[in-house]
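Participant: Input: one structure, supplied below.
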Amino acid sequence: MENADVAINKLIILSILNRIPGITLGQLTTISLETLYMDYFDFVTAFEELCRDQMAIESVRKGEAMLDASGRPVTRCDLTPDGKMIYETLKERIPLPIRSYLAQACSGWQKDIRMKNVLSAQCNPDGNGFYVVRLKQHDGLKDLIDLSMTIPDQTMGNLICERWKRNPQTVYLGLLSLLTGELAPVPEKHEGEQEDEEDTDPEGQPLPNQQSFLKND
């Protein structure tokens, strides 16, 4: 008969997969370990058995845009119909404190994952000695921005990507201002939010490049 702790480890993993479809293996590992109910070895054992018994699946999705540190598309983990049935039948066996934690933790992770999926920026060589930067912003239904540009060097391309991921609204409004000739509104800042250090001088004034970018000619 299956060890009770191993069974609960599997149910915890199934619970996470049920709440966050398409989670990466790294994210799944992190949330599982943060329950403090299992260590890494316990997680690997439970997840491999779930995949072996066809209750969970790990695969690379067609058209996957997110890459791992090696530049390969990341794998996604999902619940199978059999796994869903087992989870719904036995989910009450997960200790109540862990169920409560998973509900809160998965909600926060879902928000973070949605934000990461909304914005993307890539800088890749074009084969001719230049680099192509592609910036995208998606609202969940359609692309708001899908912009590609050729850049002379990788350093500049990486800088553009980092700025896009850090301040997408500012860049978006700046583009609208530049293309329409209308002065773009300054994005509102929440209470306690500080100015971006790269966008202001030591006295708190906008840098010249920001002024010229948003200037209404």
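Participant: Looking at (1) more than 30 Å from GLN122 (Cα to Cα); (2) among the β-branched types (Val, Ile, Thr); (3) touching a residue at least 24 places away in the same chain (Cβ under 8 Å), can you tell me which one VAL44 breaks?
Facilitator: (3)
Participant: Then there's this: Taking segment 75-97 as the search range and keeping residues that are among the aliphatic types (A, V, I, L, M) and crowded, with 17+ Cβ neighbours inside 10 Å, which one is modelled with the lowest pLDDT?
Facilitator: This residue is ILE94.
Participant: Please determine, by comparing only the residues of segment 32-43 that are surrounded by 14 or more Cβ atoms within 10 Å (Cβ to Cβ) and over 24 Å from the mean Cα position of the chain (by Cα), which one is nearest to THR80 (Cα to Cα).
Facilitator: Out of the qualifying residues, it is ASP42.
Participant: Output the number of residues of segment 152-181 satisfying the condition of being of a type in the set (Val, Ile, Thr), under 20 Å from the mean Cα position of the chain (by Cα) and modelled with pLDDT of 85 or more.
Facilitator: Counting residues in segment 152-181 that are of a type in the set (Val, Ile, Thr), under 20 Å from the mean Cα position of the chain (by Cα) and modelled with pLDDT of 85 or more gives 1.
Participant: Given the criteria at pLDDT below 75, on the phi > 0 side of the Ramachandran plot and either assigned to a loop (DSSP other than H, G, I, E, B) or outside the structural domain of LEU17 (by TED's automatic domain parsing) (or both), does GLY140 qualify?
Facilitator: The answer is yes for GLY140.
Participant: Only one of (1) more than 17 Å from LEU17 (Cβ to Cβ); (2) at pLDDT 75 or above; (3) part of a helix (DSSP H, G or I); (4) among the hydrophobic types (A, V, I, L, M, F, W, C) is not met by MET115, so which one is it?
Facilitator: (2)
Participant: Now for a different question. Can you find even one residue in segment 198-211 that is among the charged types (D, E, K, R), at pLDDT below 70, more than 30 Å from ILE20 (Cβ to Cβ) and assigned to a helix (DSSP H, G or I)?
Facilitator: Looking for residues that are among the charged types (D, E, K, R), at pLDDT below 70, more than 30 Å from ILE20 (Cβ to Cβ) and assigned to a helix (DSSP H, G or I), one finds at least one in segment 198-211, hence yes.
Participant: Right, something else. Working only within segment 17-31, note down all residues that are in a helix (DSSP H, G or I), modelled with pLDDT of 85 or more and buried (at least 17 other Cβ atoms within 10 Å of the Cβ).
Facilitator: LEU17, ASN18, ARG19, LEU28, THR29, ILE31
Participant: Oh, and also: Hey, THR45 hits all of (1) assigned to a loop (DSSP other than H, G, I, E, B); (2) farther than 18 Å from ILE98 by Cα but one; which does it fall short on?
Facilitator: Looking at each condition in turn, THR45 falls short on (1).
Participant: Against the conditions (1) at pLDDT 90 or above; (2) in contact with a Leu (Cβ under 9 Å, 6 or more places away or on another chain), where does THR35 fall short? Just the number, please.
Facilitator: Condition (1) is where THR35 drops out.
The values are calculated or read from the model by the stated rules, or taken from the named source; none is laboratory data. Given the structure is predicted, the values throughout are model-derived calculations rather than measurements. Methodologically, a virtual Cβ is constructed for each residue, glycine included, from the backbone with ideal geometry; neighbour enumeration extends over all protein chains shown.
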